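Structure, as structure tokens:
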Amino acid sequence: MKKPALIRSPLKWAGGKFDVMPQLREHLPKAGCLIEPFVGGGSVFMNTDYDHYVLCDSNPALINFYRFLATDTTALIDRSWSLFRDGGTREAYERNRQTFNTIT
């Protein structure tokens, strides 16, 4: 039987586990709940099949992103378009990064 394809996180995050997920899944315990104290890009929870998940991180903007993604995906996509309205230029990236860094 063919294994399902892995889901890639929509976020680029330092320390991402996507590349090691096949090996990591072999070592995760069988349980009803996965607790992730450092969710980051989320590759672990996106590529496991637990009944429940507890996702934690010290970055409140990251946790809010996941909450928004879970509750109102369409609105998240609509709001995200504003980040790219300047055509994805370096100047736009720097401006968005500065704004993000002042609120986190």
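Below is a table of values for the structure above.
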{"read-out": "Ala75-Gln23 pseudo-label distance in nm [points 7 Å out on the Cα-to-Cβ vector]", "value": "4.1 nm"}
{"read-out": "Residue among Ser82, Ser58, Ser43 with the largest mean-square fluctuation in a Gaussian network model of the chain, springs linking Cα atoms under 10 Å", "value": "Ser82"}
{"read-out": "Computed label-point distance, nm, for sites Ser82 and Lys12 using a 7 Å Cα→Cβ extension", "value": "2.4 nm"}
{"read-out": "Stokes-Einstein D for the chain, Kirkwood Rh over Cα pairs, 37 °C, 0.692 mPa s (µm²/s)", "value": "209 µm²/s"}
{"read-out": "Integer Hz, Karplus 6.51/-1.76/1.60 couplings in order for region 56-65, x for Gly and Pro", "value": "10, 6, 7, 8, x, 5, 5, 5, 4, 4"}
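Where a number appears in this text, it was derived from the coordinates with a stated rule and is not lab data. Everything quoted here is computed from the prediction, not taken from an experiment. Every residue, glycine among them, receives a Cβ derived from its backbone with ideal geometry; neighbour counts consider all protein chains shown.
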